[in-house]
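For reference, the structure is listed below as structure tokens.
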Amino acid sequence: MLLVQGVHPKRHRELAESKIAEKSYYEPLADGVERLPTALSMFHTTPLVMRAPHWHAQVEVNFIIQGWARYRMSGHDVQFEAGDMALFWGGLPHWLCDASEDLVYAGGHLPLVHFFRLRLPQNVQSRLMQGATLLTKATDASDPLNFARWNEYARSGDPMKASMAVEELLLRIERVRFDPYELLPGPDAVVNAVDGLDHHSSPIVVRICDFIADNFREDIDSADIAQAADIHPKYAMNVFKKSTGMTLNDYVNLMRLSFAQALLMQDEANVLQVAMDSGFGSLSAFNKSFRKIAGMSPTDFRRDVRGRPNLPAARTYPRRAMN
């Protein structure tokens, strides 16, 4: 042990422990779930290492400006280095468990409504929703400047600037398809994450999220979800609520609502058809869920977005029969 001259070994140890204790950490909410699922939030900061995993119902974009950050994801660990840009689904547990002292990163929490609009390679969206992490090192000197501007615009209070931040960020993410990128880990590693990791990373929850991501537009309930995860419905509801802070029904409705918002951005959108295509069984159920989560009616949302510049069309997801 390296001793400080003139300091007793016991006192030296106490000083070292005190220094460690003074380190600041980020404390996620008690249930690990962050709020405002339909709101875009941008950041450009030096983050605090987290004491526990957290969840948020948005896709997270990270761009490492300097230093490095290590994340513990659902079923895998990954370290991002300076110049890396990453994309992952925040609805699965993730934990910034370690970082360099000089870490500065930028990015945002992208609501699902915008994620569904992304024109990404066919398998990427589904892989991300199943817990994979998209990582690209193909960034350049313009990215730090752009992320700084998007953060400023998103926080400006100016709706036009905030809208431009979203549109430019989406275009930047879509450009990933033209450069080298990788999806970490392979799909088998995500699905077969073993018990013994943090309980938030339970493979049961991964199977549940996987099934919901593939089938939320169908008429599914807790029995269907539990069958897909090979567990009892009551246990499925309990373990999901304990791990995510959300009920199965709330999670399914959030996926449906976000998909519906993306459809409503299209000029030809019909509210009733959007309700059916998004998995809501009736227009009344759609209106009720939409108001509860988005804070407005689908008609008001459609009217609002039509007053903005033209947006890229949402991806079309063909319906398929359930297994």
Q. Out of (1) at pLDDT below 75; (2) in a loop (DSSP other than H, G, I, E, B); (3) over 15 Å from the mean Cα position of the chain (by Cα), what's the single condition that is false for Ser18?
A. (2)
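Could you check the stretch 104-129 and list, in sequence order, the residues that are farther than 21 Å from Trp150 by Cβ, at pLDDT below 80 and among the aliphatic types (A, V, I, L, M)?
Within the stretch 104-129, just Met129 meets the criteria.
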(Q) Suppose we filter Leu112, Leu145, Leu120 for residues that are open to solvent by 10 Å² or more (accessible area, probe 1.4 Å) and out of contact with any strand residue (DSSP E or B) (no Cβ under 6 Å at 6 or more places or on another chain); which single one remains? (A) Leu145
Q. Any chance the stretch 293-302 includes a residue that's under 21 Å from Met129 (Cβ atoms) and modelled with pLDDT under 90?
A. yes
(Q) Filter the stretch 74-87 down to the residues that are open to solvent by less than 10 Å² (accessible area, probe 1.4 Å) and at pLDDT below 95 and list them by number. (A) Ser74
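The values are calculated or read from the model by the stated rules, or taken from the named source; none is laboratory data. Predicted, not measured: the structure shown is a model, and the values here were computed from it. Cβ sites come from the backbone with ideal geometry, for glycine too, and all protein chains shown count toward neighbours. Just so you know, the surface numbers come from the protein's heavy atoms only, side chains and all, with ligands and any DNA or RNA stripped out. Shrake-Rupley method; radii C 1.70, N 1.55, O 1.52, S 1.80 Å.
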